[in-house]
Amino acid sequence: MIFAVAPMTPPILLLSLKCLCPSCLRDPRSSLQMSASLPGSRDLPRSQYDLKTYWGRVRHAADLSDPRMMFVSSSGLEQAKQLVSSYKQNHLPHMTPELWRAKKVVDSTLHPDTGEPVFLPFRMSCYVMSNLVVTAGMLTPGLQTTGTLLWQIANQSLNVAINNANANKSTPLSVPQIAKSYLMAVSASCSVALGLNALVPRLKGISPNAKLILGRLVPFAAVSSASALNVFLMRGEEIRQGIDVYPVLSEVEKKKLEESGESVQSLGKSKKAATIAVGETAISRVLNATPIMVVPPLVLVRLEKTAWLKARPRMIMPLNLGLVLATSLFALPLALGAFPQRQAISATTLEPEFWEKGGENGQVEFNRGM
């Protein structure tokens, strides 16, 4: 699924978080690796960081969302794919710094199911910059109701485009389902934005300064509710149909599969696993929204009281965008790392049909997505 959100100066800014939800259908052992779509039976390590720890997941997410990956050329991508394929075909003995970078290029560019590059504006590496384009429009001074509505529609259009470009293909949405989810998300975001925008000025019994701060923080409630709703709308089919779960394999079992060239077979689709995956993803959206919606507006309120900014009112928008950009770059990997992307849980927490099918320590795993 994310995810950038921003504060507003007068009108409410509601930029829902975008969701990136890659899957691992081609080779479930290579969880969330876009390199899984490349030829070869040998698995690459999932990450050069410890994904069992929070900071390891944060560093891994920072690699996937590295804006520098936007500037990788077509020839650079082909070279990275060849290098990764060489390792997967046992032509390279071990991981090297050059191979780690090639994996980073591939993982941040290709869709794991199709093996094709994700359209540049919808990649995770372009995530923050794509959001800033919409943010600039929403921060246009003097926006009235019509302007606010148009930018909310533009925001949700970008949201749906990013979700669709990076969606988990194990339970794809049909065009009518996407259209329905899009219309519901637009209706919800516009209703919350306009409703809260009208409510704050009517609050009584608080000082003008407190009302100003509340006005800047109101978008947090709108963004959090709309972004969480959007996750459930765009991934609702996963909850209705379930997502694939796989047995957790021991190192010996993984080695045997690698030697045979076989892949792990799905144990079936679990609705409970899907509920966990979608719920945790929705929480991560709120976690991402919190610093972006709270830190920039509070800092800007203080800066607007300085003589320097009072004498230069045209600097308010550039400062606002700069604060949003800086906060977004830090907040995105922190939020993405909150939950493991490849989730391992006891089989007994799922439907009864999985209870006796767990792998090592009776556990199964599934792809939560991002």
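Throughout, read-outs are computed from the coordinates displayed, never taken from laboratory work. Being a predicted model, the structure only gives us computed values, none of them experimental. We place every Cβ from the backbone using ideal geometry, glycine too, and count neighbours over all the protein chains shown.
Quick notes on this structure:
- Cα-Cα pairs of segment 30-116 separated by more than 21 Å (percent): 24
- Note on segment 235-335: Rg/Rh from Cα positions, Kirkwood definition for Rh, rounded to two decimals, is 1.31.
- Highest-first packing order for the peptide set 225-231, 153-159 is 225-231, 153-159, based on the mean count of other beta carbon atoms within 10 Å.
- Annotation: peptides 48-60, 67-79, 239-251, ranked by per-residue average of other Cβ atoms within 10 Å with the highest first, follow the order 239-251, 48-60, 67-79.
- Taking only the C-alpha atoms of segment 275-329, the Rg (one decimal) and the largest Cα-Cα distance, Dmax (whole number), read 15.3, 52 Å.
- Once both labels are positioned 7 Å from their Cα atoms along Cα-to-Cβ, the gap between S73 and R202 label points is 5.9 nm.
- Rounded to 0.05, the FRET efficiency of the T306 and M129 pair, given R0 = 22 Å and the Cβ-Cβ distance, is 0.15.
- Modelled spin-label separation between K180 and K256, with each label point placed 7 Å from Cα along the Cα-to-Cβ direction: 4.4 nm.
- Protection proxy ranking, highest mean first, for peptides 96-103, 268-275: 268-275, 96-103, where packing is the per-residue count of other beta-carbon atoms within 10 Å, averaged.
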